[in-house]
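Visitor: Sharing a structure with you now.
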Amino acid sequence: DGTAILGLGNIGAFAGMPVMIGKAKINASAGRFNDVPICINSTNNEELIAIIEFLGQCQNVKSINLEDITGDAGRCFKIQRALQKNLSIPIFHDDQDGTAGITCAGLLAGLHKQGKDITRCKIAFSGAGAAANAIIRYLVAAGAKRENIVVLDRRGIMSARRPDLVDNAGLNQLYYRNDEK
């Protein structure tokens, strides 16, 4: 939907088309994908989900790669999860899954080269956006221990004791904006 274009932010779906065309060409050059770049000019979650579900039911659609959907208020997470629930094809979110896959592979390769074990590593994140959330999920799946991971956002170290992250909507009015955190 063009709400998170390459660090430029919300510049709109049509302005994001060059990015989508570039990604499609990269995938095609790998010889495995025949991508069709589509930018949807809507920022309404329900509309996006309905349109993408419709496209996902087309005969030759084998997977969907979401791109450039903002993580504000958990949008990209909610959209991806709804599509994963309702469609039987893989739903990949490049800003999350692509970044997480590459980061996890790089860290594991570096640890292997150093003879270190991911289960014993201390890992720190500067930022708690969509990519960081996915990277943490991938690293935990690869064996990293949650207690060895420290995440900082713009307000400091994230903790269940931090008032803006308390898991109680009555105590924390921002809770529904930070549910991924």
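Visitor: So, of the residues in the stretch 29-39 that are over 14 Å from E67 (Cβ atoms) and outside any helix (DSSP H, G or I), which turns out to be modelled with the lowest pLDDT?
Guide: Here the answer is R32.
Visitor: Mind listing whichever residues of the stretch 1-10 are exposed (fewer than 15 other Cβ atoms within 10 Å of the Cβ) and of a type in the set (A, V, I, L, M, F, W, C)?
Guide: Correct list: L6, L8.
Visitor: Is it the case that the stretch 15-28 has a residue that's over 14 Å from the mean Cα position of the chain (by Cα), at pLDDT below 90 and in a loop (DSSP other than H, G, I, E, B)?
Guide: Looking for residues that are over 14 Å from the mean Cα position of the chain (by Cα), at pLDDT below 90 and in a loop (DSSP other than H, G, I, E, B), one finds at least one in the stretch 15-28, hence yes.
Visitor: Tell me, yes or no, whether the stretch 12-26 has at least one residue that is touching a Leu at 6+ places or on another chain (Cβ under 9 Å), farther than 26 Å from A142 by Cβ and open to solvent by 70 Å² or more (accessible area, probe 1.4 Å).
Guide: no
Visitor: If you don't mind, another one. Any residue that is out of contact with any helix residue (DSSP H, G or I) (no Cβ under 7 Å at 6 or more places or on another chain), free of Cβ contacts under 8 Å to residues at least 12 places away in the same chain and not β-branched (V, I, T) - is there at least one of those in the stretch 134-145?
Guide: yes
Visitor: Let me ask something else about it. Quick test of your reading of the structure: N65 fulfils all but one of (1) of a type in the set (S, T, N, Q); (2) within 30 Å of D164 (Cα to Cα); (3) modelled with pLDDT under 90. Name the failing condition by number.
Guide: The failed condition is (2).
Visitor: Take A124 and tell me if it is among the small types (G, A, S), at pLDDT 90 or above, closer than 30 Å to F33 by Cβ and out of contact with any Ser or Thr (no Cβ under 7 Å at 6 or more places or on another chain).
Guide: Taking the combined requirement at face value, the residue does not satisfy it.
The values are calculated or read from the model by the stated rules, or taken from the named source; none is laboratory data. Keep in mind it's a predicted model, so treat the numbers as computed, not measured. Please note: Cβ atoms are built from the backbone with ideal geometry, for glycine as well, and neighbour counts cover all protein chains shown. Surface areas here come from the heavy atoms of the whole protein model, side chains and all, with no ligands, DNA or RNA. Shrake-Rupley method; radii C 1.70, N 1.55, O 1.52, S 1.80 Å.
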